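The values are calculated or read from the model by the stated rules, or taken from the named source; none is laboratory data. Nothing here was measured: the structure is a model prediction, and the numbers come from that model. FYI the Cβ positions are ideal-geometry reconstructions off the backbone, even for glycines, and counts take in every protein chain you see. Side chains are part of the model used for accessible areas, which takes the heavy atoms of the whole protein and leaves out ligands, DNA and RNA. Shrake-Rupley method; radii C 1.70, N 1.55, O 1.52, S 1.80 Å.
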Amino acid sequence: MDDGRDSSIDEQIGPVSARRAFLRSGTALAGGLAGASLTGSALAQSDAAAPWQLKPGAPAAPYGTRSRFEQAVRYPVKPFGDIAPGSGPAFTPIEALEGTITPNDLHFVRIHNGVPDIDPKQHRLLIHGMVDRPLVFTVDALLRYPMTSRTYFLECAGNSNRNLAAQPPQLPAGALHGLISCTEWTGVPLRMLLEEAGVKSGASWLLAEGADAASLSRSLPIEKGFDDTLVALYQNGERLRPEQGYPVRLLVPGWLGNTSVKWLRRVKVVDGPTQTKDETSKYTEPLPDGKALQFTFEMGVKSVITRPSSTMKLAGQGFHEISGIAWSGAGRIARVEVSADGGKTWRDAVLTGQDRPRAVARFRTGWDWRGQEAVLQSRATDEKGKVQPARQAWVAAYAPDIRFHNNSMVSWAVGADGSVKNVYA
Ligand SMILES: Nc1nc2c(c(=O)[nH]1)N[C@H]1C(S)=C(S)[C@@H](COP(=O)(O)O)O[C@H]1N2
Ligand SMILES: [Mo]
């Protein structure tokens with residue numbers, strides 16, 4: 001407050017020290033951070049009506065879409081080409097987004113045998129196995145239950161495995177780390193349906209199966225089903241998109257995306273893990289000693305700087321906001337530190353959304369770039385005290401063919417020309 005300005009600006013551009021450093025740097029354009037200052041005839045011209053003020057605009061469309069000038073799209077990958085075109089991921093362009101919520105149109109997609117075109121009138125959800133009363137639900141029946149809305153991230157365990165290539169791929173942040181989304185999910189707590197069916201004593205696991213051509217199936221300890229697992233019907237206020245599991249999916253907060261079974265057709269109550277193809281041949285982590293981890297459910301604490309990020313170019317010297325996302329399967333994000341010198345010095349970023357457990361938080365901090373080469377990194381800590389590992393330490397903990405759960409730190413190198421590259425540091 002000593003400079004007479006509203007201290008809330010610190011929340012917008014980062015810690016006081018960063019702002020002061022920037023204001024003192026002399027690289028600021030007169031009158032503001034990046035706006036061009038005007039006088040005389042240039043000012044008069046800028047004040048004239050814009051062309052789109054001179055005639056009426058378009059009527060409202062029945063179903064909205066973004067401006068035609070906005071072009072960011074998902075990055076689809078088809079690992080099996082035309083042999084299985086419906087198998088693979090489409091990454092969210094996280095570098096084009098801000099805040100904490102992923103718009104439904106850009107939610108990442110991971111499909112194992114295509115997106116089924118399910119008629120909600122014909123779809124059924126079965127709860128059976130070790131229960132007193134096997135139950136079958138139509139979608140209309142599910143829609144009559146009391147609803148719960150909660151904001152959670154969803155991350156594929158294969159996210160960031162492109163950063164395990166021998167050389168760092170020069171791709172946008174989203175094409176590397178975009179198998180992460182954050183959504184307000186609305187649905188029925190699974191607990192409510194399990195209690196209605198009446199779980200028999202001795203039951204300890206669940207089997208969840210999807211109605212797609214992959215019949216994707218996963219085992220879950222029953223405690224998670226009674227905890228925060230949702231039978232989700234809505235995403236961000238509207239009914240699920242077909243790619244996200246329409247008309248009904250499981251949403252297992254904080255756990256690897258693979259367990260959030262889409263197009264959910266049955267939940268079987270059982271007394272042990274079923275050992276399905278989706279949890280034996282895949283989604284296990286090989287260790288250096290030749291053994292492998294199975295059922296690593298919780299997603300590790302993680303963060304990525306989305307702006308600036310690889311393939312971008314800084315517009316010029318002076319103030320830049322470093323902005324990114326952080327999340328943890330263990331709960332809330334407690335802290336995100338940012339380094340601009342490859343990890344020699346760190347400072348705390350400002351957080352938003354950190355009050356929601358198992359959701360994406362946004363971090364931001366100001367940076368005064370003087371044209372020097374720099375390595376930008378972020379390091380997240382969650383409320384359980386878990387700290388995001390450095391890349392080398394993470395890689396050393398697994399066998400070389402590890403494909404899943406890469407939550408290690410991401411490094412972006414800024415060149416003297418302002419170009420931003422993906423590096424391993
Ligand atoms: N039935 C079914 N459920 C599924 C899948 C699938 O292919 N079929 N993919 C899983 C994987 S690996 C992930 S990461 C998430 C992705 O959810 P999304 O496509 O809504 O982002 O769904 C999971 N649920
Ligand atoms: Mo996944």
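Per the helix-only calculation at 222 nm, which mean residue ellipticity applies to the chain, given -39500 (n - 2.57) for every DSSP H run of n ≥ 4 and division by its residues, nearest 500 deg cm²/dmol? Spell out each step's value before the answer.
Values: 9 runs with 54 residues, N = 425.
Calculated from helices alone, the mean residue ellipticity at 222 nm is -3000 deg cm²/dmol.
Give me Rg/Rg_expected for the range 105-288, where Rg uses Cα atoms only and Rg_expected = 2.2 N^0.38 Å with N residues. Provide the component values of the computation, followed by the final result.
On the way: Rg = 16.7 Å, N = 184, 2.2 N^0.38 = 16.0 Å.
Against the compact-globule rule of thumb, the ratio is 1.05.
Between amide H atoms placed 1.01 Å from N, distances below 5 Å from ALA359 occur with PHE153, SER328, all of them 5 or more places distant or on a separate chain. Taking the protein heavy atoms of the chain in the context of the full set of protein chains, the accessible area attributed to carbon and sulfur is 54 percent at 1.4 Å.
Taking the Cα centre of the range 190-250 as origin and charging only Cβ (+1 Lys, Arg; -1 Asp, Glu), how large is the dipole, in debye to the nearest 20?
Working: 7 positive and 9 negative charges, 12 e Å.
That gives the range 190-250 a dipole magnitude of about 60 debye.
Mind putting a number on the dipole of the range 280-425 about its Cα centre? Charges go on the C-beta only, +1 for Lys and Arg and -1 for Asp and Glu, and I need it in Debye to the nearest 20.
Numbers: 20 positive and 14 negative charges, 51 e Å.
For the range 280-425, the charge dipole is close to 240 debye.
Annotation: per residue accessible area for the range 105-288 equals 36 Å², rounded to a whole number [probe 1.4 Å, protein chains only]. Projecting the Cα atoms of GLN377, ALA399, GLY366 onto the charge dipole of the range 302-423 (Cβ charges, centred on the Cα centre) puts ALA399 farthest toward the positive pole. For the chain, calculate the relative contact order in percent as a whole number, restricting contacts to Cα pairs under 8 Å that are 6 or more residues apart. Worked out over the chain, it gives 16 percent.
For the charge dipole of the range 163-315, defined by +1 on Lys and Arg C-beta atoms and -1 on Asp and Glu C-beta atoms about the Cα centroid, which residue among ALA203, LEU230, VAL270 has the Cα displaced farthest towards the positive pole? Result: LEU230, furthest along the dipole toward the positive end. Projected label points at GLN71 and ALA166, each 7 Å from Cα along the beta carbon direction, are separated by 3.4 nanometres.
Among ALA393, ALA96, ALA208, which one shows the biggest mean-square fluctuation in a GNM of the chain, springs joining Cα atoms closer than 10 Å? Among ALA393, ALA96, ALA208, the largest GNM mean-square fluctuation belongs to ALA393.
What per residue convex hull volume, in Å³, do the alpha-carbon atoms of the chain yield?
Working: hull volume 80.6 nm³, N = 425.
Per residue, the Cα convex hull of the chain comes to 190 Å³.
Among VAL139, VAL115, the sequence by solvent-accessible area, most first, with a 1.4 Å probe is VAL115, VAL139.
When peptides 311-321, 170-180, 184-194 are ranked by their average number of other Cβ atoms within 10 Å per residue, the highest-first order is 170-180, 184-194, 311-321. Rounded to the nearest Hz, the phi-derived 3J(HN,Hα) couplings of the range 355-369 under the Karplus curve 6.51 cos²θ - 1.76 cosθ + 1.60 (θ = phi - 60°) are 7, 9, x, 6, 10, 6, 9, 9, 10, 8, 8, x, 9, 9, 9, where x marks glycine and proline. For the range 348-425, the solvent-accessible area of protein heavy atoms averages 42 Å² per residue (probe radius 1.4 Å; ligands and nucleic acids excluded). So for the range 105-288, if I pair up every lysine 8 or more residues apart or on another chain, how many of those pairs have alpha-carbons under 26 Å apart? Total qualifying Lys-Lys pairs in the range 105-288 comes to 13. Basic side chains Lys and Arg get +1 at the Cβ, acidic Asp and Glu get -1 at the Cβ, and with that the dipole of the chain about its Cα centre reaches some 400 debye.
Taking every DSSP bridge with both residues inside the chain, close to 95 percent are antiparallel. Please check: in the Gaussian network model of the chain (C-alpha springs, under 10 Å), which one of LEU293, LEU126, LEU251 has the largest mean-square fluctuation. Evaluated over the chain, the most mobile residue of the options is LEU293.
Comparing GLY257, GLY40, GLY210 in a Gaussian network model of the chain (Cα springs below 10 Å), the most mobile by mean-square fluctuation is GLY40.
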